[in-house]
1. Treating the beta-carbon of each Lys and Arg as +1 and of each Asp and Glu as -1, no other charges, what is the dipole magnitude of the chain about its Cα centre, to the nearest 20 debye?
2. Tell me, rounded to the nearest percent, the portion of alpha carbon pairs in the chain spaced more than 36 Å apart.
3. Roughly what angle does helix 198-211 make with the longest principal axis of the chain, taking Cα atoms, 0 to 90 degrees, to the nearest 10?
4. Would you mind checking which residues have amide H under 5 Å from Asp258's amide H? H placed 1.01 Å from N; only 5 or more apart, or other chain.
5. Can you list the residues, at least 5 places off or on another chain, whose amide H is less than 5 Å from the amide H of Ile88, using H built in the peptide plane?
6. Starting from the range 167-267, pick out the chymotrypsin sites (Phe, Trp or Tyr not before Pro) whose DSSP state is loop and whose Cβ has at most 14 other Cβ atoms within 10 Å.
7. From the phi of every residue in the range 35-42, what ³J(HN,Hα) in whole Hz does the Karplus formula 6.51 cos²θ - 1.76 cosθ + 1.60 yield, where θ is phi - 60° and glycine or proline is x?
8. Calculate, axis by axis, the spread of Cα positions in the range 104-192 along the three principal axes, and write the results as whole Å, longest axis first.
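Bear in mind these aren't lab numbers, they're just calculated from the coordinates by the rules spelled out. Since we're looking at a predicted model, the values are computed, not measured. We place every Cβ from the backbone using ideal geometry, glycine too, and count neighbours over all the protein chains shown.
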Amino acid sequence: MSQSRLARLAATVAAVSVLSGVAVTAMAETGAAARAQTLIDVNPLLSGHDIRVRATDSGLRLEGAVVDTAERRLAVALTALVAASAEIDNALTLDADLPRDPGALFREDEDATTAARLRQTLRWQRDTAALDVALEVNRGEVRLNGDVGTTATKDRVAALAATTEGVDAVFNYMSVDPANIVQIRERQAELEQVQRPDAWITRRLRRLLQFDTTVNAHSIEVEAREGTAILSGAVTSSAERKVAEDLASNMPGVRDLDSRLVIERPR
């Protein structure tokens with residue numbers, strides 16, 4: 001092969017490599033723009049604004065309007081989480097009004113997260129774990145459907161829902177039929193046979209306390225030892241202590257409760 005043909009071939013390979021690199025970079029920045037857009041669209045402060053994230057030749061560009069510099073800095077910080085080394089061109093203006101409502105994606109994300117919290121709560125309590133509860137969450141309103149055996153069980157599900165983070169209202173359409181009691185108890189007995197390691201109990205009980213809006217989970221320490229749930233720390237009332245203790249004693253796998261919670265009134 002002649003030297004001239006070799007030179008042309010080398011030039012072609014180099015050009016293809018450059019174009020491939022540009023294409024890969026463009027795809028990466030397009031993906032980063034989509035991820036940044038999602039972060040902004042599910043953020044409680046920014047979702048109500050019309051903010052757009054675009055991929056440009058030099059990186060990512062933020063367009064739209066926000067209320068003040070705090071929101072503008074927030075938008076940049078969220079974009080930087082996924083921008084890697086891409087340059088961020090902040091073209092956001094500061095002439096927006098406070099949005100009346102959050103964006104649609106934020107609301108859908110909140111409702112889906114609330115529904116997951118409630119499903120986990122029901123699954124991690126002995127008296128509700130065996131139930132087949134259908135639930136929907138729309139703008140913080142929970143609708144409960146399904147069949148239970150007693151009115152007390154129906155009320156118990158509604159009470160757990162009412163104190164779950166993200167729930168604003170509960171509509172309880174569950175049906176009560178005593179004929180369901182035997183089947184539910186059989187299912188409960190099956191679940192009781194499942195062995196729950198201490199680590200399983202500890203992690204889920206911590207999360208349950210975080211889900212409950214009537215408990216300050218940050219002030220309560222949780223530990224499980226050989227099936228005994230140990231609660232320590234401070235609460236502000238006997239009612240808060242009872243909620244924490246009830247959640248712990250009703251956790252699958254817990255055979256005993258050692259509550260060392262003390263009441264400390266706010267000063």
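1. On the way: 32 positive and 39 negative charges, 140 e Å.
Value, rounded to 20: 680 debye.
2. Working: 14758 of 35511 pairs.
Value for the chain: 42 percent of Cα pairs lie more than 36 Å apart.
3. Tilt relative to the chain: about 80 degrees.
4. Ala229, Ile230, Leu231
5. Long-range HN contacts for Ile88: Leu60.
6. Numbers: sites: Phe171, Tyr173, Trp200, Phe211; in loops: Tyr173.
Sites meeting the loop and neighbour criteria: Tyr173.
7. So the Karplus estimates, Gly and Pro as x, are 5, 5, 4, 5, 4, 5, 5, 9 Hz.
8. Largest to smallest, the principal-axis extents are 43, 24, 17 Å.
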